[in-house]
1. Are there any pairs, at least 6 apart or on different chains, whose C-beta atoms fall under 8 Å, with the first in segment 147-160 and in contact (Cβ under 8 Å) with a residue 24 or more places away in the chain and the second polar (S, T, N, Q) and surrounded by 15 or more Cβ atoms within 10 Å (Cβ to Cβ), and if so, which?
2. Those residues that are touching a helix residue (DSSP H, G or I) at 6+ places or on another chain (Cβ under 8 Å) and either of a type in the set (A, V, I, L, M) or at pLDDT below 95 (or both), I need them from segment 152-190; list them, please.
3. Does at least one position in segment 103-111 carry a residue that is of a type in the set (Gly, Ala, Ser), buried (at least 20 other Cβ atoms within 10 Å of the Cβ) and in contact (Cβ under 8 Å) with a residue 24 or more places away in the chain?
4. Name every residue in segment 120-140 that is surrounded by 12 or more Cβ atoms within 10 Å (Cβ to Cβ), in contact (Cβ under 8 Å) with a residue 24 or more places away in the chain and of a type outside the set (A, V, I, L, M, F, W, C), in order of residue number.
5. Can you find even one residue in segment 57-65 that is under 19 Å from Leu168 (Cα atoms) and out of contact with any Gly (no Cβ under 6 Å at 6 or more places or on another chain)?
6. For segment 116-125, indicate whether the set of residues that are in contact with a Leu (Cβ under 6 Å, 6 or more places away or on another chain) and over 22 Å from Leu42 (Cβ atoms) is non-empty.
7. Just to be sure before I move on: is Leu98 assigned to a strand (DSSP E or B), among the aliphatic types (A, V, I, L, M), modelled with pLDDT of 95 or more and surrounded by fewer than 17 Cβ atoms within 10 Å (Cβ to Cβ) in the structure I sent?
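The values are calculated or read from the model by the stated rules, or taken from the named source; none is laboratory data. All values reported here derive from a predicted model rather than from experimental measurement. Note that we place each Cβ from the backbone using ideal geometry, even for glycine, and neighbour counts take in every protein chain shown.
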Amino acid sequence: MKTIMTFTMAVALSYVCYAQESKTQQIPVQSPSFPAVIDAVLLDFPNNLRNITGELVLAEGEFENYSSVLALPESQHCTITRWHSTQDTTVSWQAAMLTTDNFNKADHVYRELYQKLQQCYIQLTDGTVVYLKGSWVPAKESASFTTSTLRVAVDDRRYKEVRIELELVYQLAEWGININIFSKKPDDEVAKGL
């Protein structure tokens, strides 16, 4: 009986040691780079972001928020919003990048993120590489909202209305930085029902 107990303890101990060793030797999974995430989000816009939509987070009458299966490095969270519109199926992707009470820190990160976005591109199915183009708007501590907008500079109708907005917003005594990617028709076209 004593040998069976010793054998059982040895097997159990070796299993625990093996399980611990396999846990510590797991291959680290690298998260996609900043440009790779932006590229993947943009490439999925013709599919209405269906390939990167995760679990439902919030359902309201006018919209639904889903988690994004892709997240930018250092983002707090990434969300996909689907609006229930009679005009079109509007969808947007948002990455919350920073929340701080320090304007100088927020301004620094805002500048860095704009520079990163300028280095981003979309690689189309034909192999063409198209960089994002946009206009920089410097942040001012006296302004509660600052937005710099970039676009996919390509004559492809699927990306005609796609915008990438980097926003710095002051709310409830904190500065927040978000990256929003969305497709939006001009307001005058929506009003005309075009």
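1. That search, which allows pairs on different chains as well, returns Leu150/Gln118.
2. Once the filter is applied, which keeps residues that are touching a helix residue (DSSP H, G or I) at 6+ places or on another chain (Cβ under 8 Å) and either of a type in the set (A, V, I, L, M) or at pLDDT below 95 (or both), segment 152-190 yields Val152, Arg158, Tyr159, Val162, Ile164, Leu166, Leu168, Ile177, Ile179, Ile181, Ser183.
3. Step one: of segment 103-111, the residues of a type in the set (Gly, Ala, Ser) are 106.
So of that shortlist, the ones also buried (at least 20 other Cβ atoms within 10 Å of the Cβ) come out as 106.
From what's left, in contact (Cβ under 8 Å) with a residue 24 or more places away in the chain: 106.
Checking segment 103-111: at least one residue is of a type in the set (Gly, Ala, Ser), buried (at least 20 other Cβ atoms within 10 Å of the Cβ) and in contact (Cβ under 8 Å) with a residue 24 or more places away in the chain.
4. Matches in segment 120-140: Tyr121, Gln123, Gly134.
5. No - not one qualifying residue is present in segment 57-65.
6. no
7. So Leu98 fails the test.
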